[in-house]
Amino acid sequence: MRIDVVTLFPELFEAPLRASLLGKAVEKGLLTVQCTNPRDFATDKHRTVDDAPFGGGPGMVMKCEPLFAAVESLRGTNSCARVILMSPRGRRLTQDVVRELAQQPDLVLVCARYEGVDERVGQALCTDEISVGDYVLSGGELPALTIIEAISRMIPGVVGDFESVETDSFYGGLLGAPQYTRPPEFRGMEVPAVLREGNHAAIRRWRRKEALRATRARRPDLLERCSDEDKKLLDEIEREERTE
Ligand code: 4F9
């Protein structure tokens, strides 16, 4: 997969794309990420990329021309079928959105500074707007890295053990079940016996039930999509909690 990032701060992408799993995905050629700086497409002597807002007010607004020119320079290397603006006004990033974007052969991610970007960028240059959550950041660079990392995990061969993708929190639409490693007892806290006994059917059932228990306690909004079998386990959990 190829991802082009349009950003005034390409250096923010260097270390994250070199380290760990993302670094390996890039090294193996499973993922190509290229940054394009809109400042290189500014035509005036000072290479201006922002300007004061029409109508007055604080802050600066990113200008259309350098952003349009930067994205248009990618045509030929990138299909530009999906040009995504990182924006707190966008559709919220979820695993469903990640899965959908990972199907694309290429993407363009456009990072803007917080104060804002000329409305015509969202209107006529970008095909999508995505938010990673309801908080203010200084720019779209960390949201873009979040999307890149989430997408990379869906590319075959990036996560060595695909089973670990399938058991990830959210992949099955639920929070993950509790995990333990050695020692079997730490400061009086014991690892549940079922996990140490090697009955794999019992372990699978325990994990599904505990994933449901955690989701019910912390994120009940995620339970809307659960199966009939899950409903039975949820009934069990409810009964257990009533008798406690
Ligand atoms: C972008 C926040 C996407 C959340 C961009 C300031 C942003 C953001 N999700 N905040 N610039």
Round to a whole angstrom and tell me the spacing of the C-alpha centers of the stretch 168-244 and the stretch 1-51. 40
Would you mind calculating the gained length between R239 and E190 on full extension (0.36 nm times residue separation, minus the Cα-Cα distance), in nm to one decimal? 15.3 nm
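If packing is taken as the average count of other Cβ atoms within 10 Å, what order do 8-16, 216-224 fall into, highest mean first?
Ranked by mean Cβ neighbours within 10 Å, highest first: 8-16, 216-224.
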Which of L21, L145 is most accessible, then next, and so on - probe 1.4 Å: L21, L145
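Starting from the exponent 0.38 and prefactor 2.2 Å, build the expected Rg for the stretch 131-181 from its residue count and divide its actual Cα Rg by it. It would help to have the intermediate numbers written out before the result.
Numbers: Rg = 13.8 Å, N = 51, 2.2 N^0.38 = 9.8 Å.
Compared with the compact-globule rule of thumb, the stretch 131-181 sits at 1.40.
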Partners for K231 among aspartates and glutamates (Cα-Cα distance below 16 Å; same-chain residues under 8 apart left out): E210, D221, E240, E241
In square nanometres and to one decimal, what's the mean projected area of the convex hull around the Cα atoms of the stretch 1-69? 6.2
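Whole-Å semi-axes of the chain's equivalent ellipsoid, largest first, each the root of 5 times a Cα gyration tensor eigenvalue?
On the way: eigenvalues 378, 85, 51 Å².
Equivalent-ellipsoid dimensions as semi-axes: 43, 21, 16 Å.
With a Förster radius of 35 Å, plug the Cβ-Cβ distance of S138 and Y180 into 1/(1 + (r/R0)^6) and report the FRET value to the nearest 0.05. It would help to have the intermediate numbers written out before the result.
Working: r = 39 Å, r/R0 = 1.10.
Efficiency, rounded to the nearest 0.05: 0.35.
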Which of the peptides 83-93, 46-56 is most tightly packed, and how do the rest follow, going by the mean number of other Cβ atoms within 10 Å of each residue? 83-93, 46-56
Under Stokes-Einstein, with the Kirkwood radius over Cα pairs standing in for Rh, what whole-number D in µm²/s applies to the stretch 1-141 at 25 °C and 0.890 mPa s? 155
If I model a spin label as a point 7 Å beyond the Cα along the Cα-Cβ vector, how far apart are those points for R99 and H46 in nm? 4.9
At 1.4 Å probe radius, can you tell me the per residue accessible area of the chain in Å²? 60
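Return the carbon/sulfur percentage of the accessible area of the chain, one whole number, probe 1.4 Å, all protein chains in place.
So the carbon and sulfur contribution to the accessible surface is 50 percent.
For the stretch 99-187, report the translational diffusion coefficient in µm²/s to the nearest whole number, using Stokes-Einstein at 20 °C, 1.002 mPa s, and a Kirkwood Rh over Cα pairs. Could the numbers behind the result be given before it?
Values: Rh = 16.2 Å.
Roughly 132 µm²/s, to the nearest whole number.
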Percentage relative contact order, the chain, counting C-alpha pairs under 8 Å, at least six apart: 18
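The values are calculated or read from the model by the stated rules, or taken from the named source; none is laboratory data. Bear in mind that the values here come from a model prediction, so they are computed numbers and not experimental data. Every residue, glycine as well, gets a Cβ built from its backbone with ideal geometry; the counts of neighbours run over all protein chains shown. For accessibility, only protein heavy atoms count, side chains too; no ligands or nucleic acids. Shrake-Rupley method; radii C 1.70, N 1.55, O 1.52, S 1.80 Å.
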